[in-house]
Amino acid sequence: MLIGTAEAEQCPPGALGVSRTLVVDPNEHPRVGSMQYPETLPLNDHEVVLTFDDGPLPRYTNRVLETLASECVKATFFMVGQMARAYPWMVRRVYDEGHTVANHTQNHPVRKMSVTQAAREIEEGFASLREAIGDPQAVSPFFRIPGLLRQKSVEQYLAAHGDMTWSADFLADDWTRINNSEVARRAISRIEARGKGILLLHDIHPRTVLALPEILNEFKSRGYKIVHVVPAAADRPKTATSAQQWVARPTPEQHTSPSQMRPLRQGISRRRGQEPEPK
Ligand SMILES: [Zn+2]
């Protein structure tokens, strides 16, 4: 797999681009994301990792892909298996355009599960993605729990199977009833507060599609760089890092409760009153 090199030659002039590719070993760092875990990705100041959950959904995922291509940036897509089965060509497009394909369960259950139930969701999700692309190696061992409803038993299952559990470092609340300008404003104010991190977005909402060009433009004008994350493989050694670089530091986003993500499908979030942003 060519990473960020062949594509770079075709980048439109002035595009944001991928500044570097970070190769990670899930076995060494099984859980990332400062919102929930003691470790997060070893990013430098002003580096951002883009992630999109819940797709693929053609009418929105296609537009997200077009925007990402226009800025020549790569993201990680945490896809739902049943969506991948409905739109396998979308999974292939995401992969063919150089993005990282990752798993977000087969059916997106937003509730606590037994390990047996979770294991079925996890493995069926991976199977759907592998089948859609037709190449098991094409699917990363990256996984995000729906609603960020972390469970130790499920995390242990994932780690034991060599999968990397991703939380996030900051949100833009794009599943709530806010408009696209507000999504962009929250993404920008939160990256400015943190300085770097994993941004969680969803490629199933029109407001996210509309907010993305502004988010990327603001990243560019404020000097942020996009980092593409891929798993280590036999022919792709992990990026050299120190343990210290993985240590998550407390941020202004720490108290954004993941439980706010529960009503994802209902599209409205219960506010906790602690959120730093005025509406
Ligand atoms: Zn989700």
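Computed from the coordinates by the stated procedures, all read-outs in this text should not be read as laboratory data. Small disclaimer: the values here were computed from a predicted structure and weren't measured. Because the Cβ atoms are built from the backbone with ideal geometry, glycine has one as well, and the counts that use them run over all protein chains shown.
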- Applying 1/(1 + (r/R0)^6) with R0 = 41 Å to the Cβ-Cβ distance of Ser189 and Gln10, what FRET efficiency is obtained, to the nearest 0.05? 0.80
- Query: With respect to the cross-link table entries Lys74/Lys152; Lys112/Lys196; Lys152/Lys225; Lys74/Lys220, which display a Cα-Cα separation exceeding 21 Å?
  - Reply: Lys74/Lys152; Lys112/Lys196; Lys152/Lys225
- Query: Could you put Trp89, Trp166 in order, starting from the residue whose Cβ has the fewest other Cβ atoms within 10 Å?
  - Reply: Trp89, Trp166
- Message: Going by amide H atoms built from the backbone, whose H comes under 5 Å of the H on Lys225, apart from near neighbours?
- Response: Glu47, Val48
- Quick one: dipole size for the chain, taken about the Cα centre, charges +1 on Lys/Arg Cβ and -1 on Asp/Glu Cβ, in debye to the nearest 20. 900 debye
- Query: Can you sort Lys220, Lys196, Lys152 so the residue with the fewest Cβ neighbours within 10 Å comes first?
  - Reply: Lys152, Lys220, Lys196
- Task: Would you mind calculating the gained length between Leu22 and Arg85 on full extension (0.36 nm times residue separation, minus the Cα-Cα distance), in nm to one decimal?
- Result: 19.8 nm
- Grab the Cα-Cα distance for Ala232 and Gln117, subtract it from 0.36 nm times how many residues apart they are, and report the gain in nm with one decimal. 38.6 nm
- The size of the Cβ-based charge dipole (Lys, Arg +1; Asp, Glu -1) of the stretch 7-99 about the Cα centre, to the nearest 20 debye, is 420 debye
- With contacts defined as alpha carbon pairs under 8 Å and 6 or more residues apart, what's the relative contact order of the stretch 26-233 in percent? 32 percent
- Item | Model label zone, Ser70; criterion: amide N under 16 Å from point 7 Å along Cα-to-beta-carbon; scope the stretch 185-214 | 206-214
